[in-house]
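Presented below is the structure to which this report refers.
The values are calculated or read from the model by the stated rules, or taken from the named source; none is laboratory data. What you are looking at is a predicted structure, and each value in this text was computed from that prediction instead of being measured. Cβ placement follows ideal geometry from the backbone for every residue including glycine, while neighbour counts extend to all protein chains displayed.
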Amino acid sequence: MSEAADERSRPAAQRGRQLEVGETDITSSLRTPKERLWRIPEAARASFAPFIERLPALRIGENDLTRIAPGRPMAAGDVIEVRGTVRDCLGRPLRNLLIEMWGANKWGRYTHADDPAREPLDDNFLGFGRTVTDDDGRYFFRTIYPAPYLARPDIDRWRPSHLHFSLVGGSSRLVTQMYFAGDKHLAKDPCFQLLGEAQERHLITVAPSEREGVDTKATFDIVVGGRSPTMFDQS
Ligand SMILES: [Fe+2]
């Protein structure tokens, strides 16, 4: 039995999901923080060197989740472009940083074998992608606006629309989530509430896109340390 399946087979009270604001979903149990999110300690900040000497073998289109490969049919749903910069605690851009992003499809289901949701899969939706920051620390993704999903049917708990990000540099990996301002499910989402004072930093506001075939655009800047840092899962 896989670790994830083993986790699901336990009674709810025994799962490692007892957060101070209640249990959250079971689809990402190994990723979801069990404690309030934390600022990276000073010493760790100094040693976090998100610079990779050897670039991973990225293929064209890996940062476009709206189709499984360039030239293939589009996934269903509204297209959103997310861009931003990654900076260190002194505001310096972090170049050559590998960023992975994944999110649910138009109906709130992940392209993942362990997602137990009954919502439909979209054969045209890549669902996860990656890119590398440029010399100015910039990144860019195109995806489908992710629907909220019912993470805990037993208690009617929904996760708000969100996108997951992973930053890899050297031997370090930081994982975080981005949320959409105004989502009605934010108030009862344990992951979002655990951000505490840093909630604002993780909220993005979408705007109409002037680009053909793209519905909306948004900016999500990531800061590793500093006065207003992005918060990362303790994993
Ligand atoms: Fe998620």
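Some points to look at:
- Checked across region 115-125, the condition of being within 13 Å of the ligand (Cβ to nearest atom), in a loop (DSSP other than H, G, I, E, B), modelled with pLDDT of 90 or more and surrounded by 18 or more Cβ atoms within 10 Å (Cβ to Cβ) holds for no residue.
- Candidates in region 207-230 are the residues that are surrounded by 13 or more Cβ atoms within 10 Å (Cβ to Cβ) and on the phi > 0 side of the Ramachandran plot; of these, the one that is modelled with the lowest pLDDT is Gly226.
- Screening Lys184 with (1) in a loop (DSSP other than H, G, I, E, B); (2) within 16 Å of the ligand (Cβ to nearest atom); (3) of a type outside the set (A, V, I, L, M) gives one miss only, at (2).
- Of the residues screened, Asp154 is not one that is within 17 Å of Val82 (Cα to Cα) and surrounded by fewer than 20 Cβ atoms within 10 Å (Cβ to Cβ).
- Number of residues in region 126-155 that are over 24 Å from Val168 (Cα atoms) and not hydroxyl-bearing (Ser, Thr, Tyr): the value is 8.
- Considering Asp156, Asp135, the condition of being modelled with pLDDT of 90 or more, among the acidic types (Asp, Glu) and more than 15 Å from the ligand (Cβ to nearest atom) is satisfied by Asp135 alone.
- Among residues of region 88-103 that are farther than 14 Å from Val175 by Cβ, those with a Cβ under 8 angstrom from a residue that is aromatic (Phe, Trp, Tyr) and more than 16 Å from the ligand (Cβ to nearest atom), sequence gap 6+ or separate chain, pair up as Asp88/Phe48; Leu94/Phe51; Arg95/Phe51; Asn96/Phe51.
- Per the listing Pro190, Pro153, Pro229, the residue uniquely under 20 Å from Asn105 (Cα atoms) and not polar (S, T, N, Q) is Pro153.
- Flag if Gly103 is within 21 Å of His185 (Cβ to Cβ), crowded, with 17+ Cβ neighbours inside 10 Å and within 16 Å of the ligand (Cβ to nearest atom): yes
- Output for region 159-172, where each listed residue is more than 16 Å from the ligand (Cβ to nearest atom) and in a loop (DSSP other than H, G, I, E, B): Gly170, Ser171
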